[in-house]
Amino acid sequence: MRKVRISAALACVLLGAPMGADAAYPAYPTYQRGAQQYPGYNAVPAGTYAMPTNGAVMQNRAGVPSQVMYPNQNVATQVAAAPATRITGSLPRVGSAATVAGRSYYQPADYDRLADSGLYIGLSVAYGASISGGMNADYKGEANAFFVPGAFQEAEWSHDTVIPLQVSVGAALNSDWRVDFSYTRYSDIGYRETVTTSDGAGGFIDAKATGGAVTANVTMLNIYYNIDSYTGYLAGGALRPYVGAGVGIALNTIGDYVIYDGTFYSEQDPGNAGAGELTGISDVYAYHNGGTTENLAFMLEGGVSTELGGGLTLDLYARYSNVGKVKSSGSIIVSQTEWIGDGAGGESPAPYDSVFHYTNWYESGRLSSIDVGARLRLQF
């Protein structure tokens, strides 16, 4: 019986503890404690949190645990973590020393695509802003050179519009250096309509020229270097300056051409000439055979590059090209009209044309050009 009384007393103590705890807190008539609520919590509206009286997991009205709280922990005195810094606006471009929030950020589009892509092919078109050079007769110091009409003094190149075309295949060595092989063709260059030729008496006269088209086929190995590390980006970062140089072989060809000299050259006074003697020469036609030569060529180039997107890069450039010597084959066929004295102080044209073949009578000159143009590169 004594044991029964002791057990009943313990049961009352255990059952009375929760009731006392509930009575110590405000009551919410609309709230019914669920089966999952833990002892020692106030009933709070959904979406709010209660401070436990002992270390336990906090829960909201829905009974979802949210965080662990411990006795004597003051929420108001806890230090909140600093919010993350949001970076807004334009970021500095590659090559810039600017920073944002103490760190360097770069727009991905500004990275040099060549550093990642490697190979590329290019196609360029230019305008020959300045074509210099011309032909000279290598034999102009020879005796009786005026019998072989040609550019005895000089003949500057004739051109209206020269459009050099270029195809190149290359690759990037890194973000600053690239190399390529290029093929360039120059055409639409030739003799002017008149050239300066010797008059046989130490002076020079004009002669008419026909033909003599010049073409240059140039193959070069080129190397280019981006100099924006020294100059900085241009146009707000849109343009990247570069310089380049190349060396290679030029195959230069000059077509056949005819020089006509209509001057009358007197050999002697007809009054002193006997019958059948040569008194003069006129209507001289010189048929010059063209020729092809191989020469060392070089170029210097400077320009700016801009990314177009989709793997395309545009180069705007100015280029100096020297393609070397242009030279004829040295073969000249001359047809001329001879005048014969009649022995009575008069003269008349011979009933035939005199024809002469000269060999190793070369004419040569040099060709160089300053071009401005654009090159479109497709990067892989």
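With the structure loaded, tell me whether E301 is of a type in the set (D, E, K, R), closer than 30 Å to G118 by Cα and in a strand (DSSP E or B) or whether it fails that test.
Yes, satisfied.
Under the condition of being outside any strand (DSSP E or B) and in contact (Cβ under 8 Å) with a residue 12 or more places away in the chain, which residue from region 118-141 is farthest from A155 (Cα to Cα)?
Ranking the candidates gives G118 first.
Looking at D261, D315, D256, can you tell me which residue is open to solvent by 60 Å² or more (accessible area, probe 1.4 Å) and of a type outside the set (A, V, I, L, M)?
D256
Looking at this structure, is D206 open to solvent by 80 Å² or more (accessible area, probe 1.4 Å) and among the charged types (D, E, K, R)?
yes
Which condition number in (1) closer than 30 Å to V169 by Cα; (2) in contact with a Leu (Cβ under 7 Å, 6 or more places away or on another chain) is the one that E338 fails?
Of everything listed in (1) closer than 30 Å to V169 by Cα; (2) in contact with a Leu (Cβ under 7 Å, 6 or more places away or on another chain), E338 misses just condition (1).
To keep it simple, each residue is scored yes or no on (1) modelled with pLDDT of 95 or more; (2) in contact with a Leu (Cβ under 9 Å, 6 or more places away or on another chain).
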{"position": "L234", "(1), (2)": "no, no"}
{"position": "P241", "(1), (2)": "no, yes"}
{"position": "I249", "(1), (2)": "yes, yes"}
{"position": "N252", "(1), (2)": "yes, yes"}
{"position": "Y265", "(1), (2)": "no, no"}
{"position": "A273", "(1), (2)": "no, no"}
{"position": "D283", "(1), (2)": "no, no"}
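How many of the residues making up region 267-296 are assigned to a strand (DSSP E or B) and over 23 Å from Y257 (Cβ atoms)?
Summing the residues that are assigned to a strand (DSSP E or B) and over 23 Å from Y257 (Cβ atoms) in region 267-296 gives 4.
Just to check your reading of the model, which residue among S182, S175, S168 is touching a residue at least 40 places away in the same chain (Cβ under 8 Å), under 39 Å from the mean Cα position of the chain (by Cα), assigned to a loop (DSSP other than H, G, I, E, B) and under 30 Å from F380 (Cα atoms)?
S175
Looking at region 323-340, can you tell me whether even one residue there is of a type outside the set (A, V, I, L, M, F, W, C), under 31 Å from the mean Cα position of the chain (by Cα) and assigned to a strand (DSSP E or B)?
Scanning region 323-340 turns up at least one residue that is of a type outside the set (A, V, I, L, M, F, W, C), under 31 Å from the mean Cα position of the chain (by Cα) and assigned to a strand (DSSP E or B).
Failed condition for Y230, given (1) at pLDDT below 85; (2) among the aromatic types (F, W, Y); (3) in contact with a Phe, Trp or Tyr (Cβ under 8 Å, 6 or more places away or on another chain); (4) open to solvent by 40 Å² or more (accessible area, probe 1.4 Å), with all others met?
(3) is the only condition that Y230 fails.
Out of all the residues in region 362-380, which are outside any strand (DSSP E or B) and closer than 19 Å to N252 by Cβ?
Of everything in region 362-380, just one residue is outside any strand (DSSP E or B) and closer than 19 Å to N252 by Cβ, namely Y362.
The values are calculated or read from the model by the stated rules, or taken from the named source; none is laboratory data. If you're wondering where the values come from, they're calculated on a predicted model, not measured in any experiment. We place every Cβ from the backbone using ideal geometry, glycine too, and count neighbours over all the protein chains shown. Heads up: the accessible areas ignore ligands, DNA and RNA and are worked out on the full protein's heavy atoms, side chains in. Shrake-Rupley method; radii C 1.70, N 1.55, O 1.52, S 1.80 Å.
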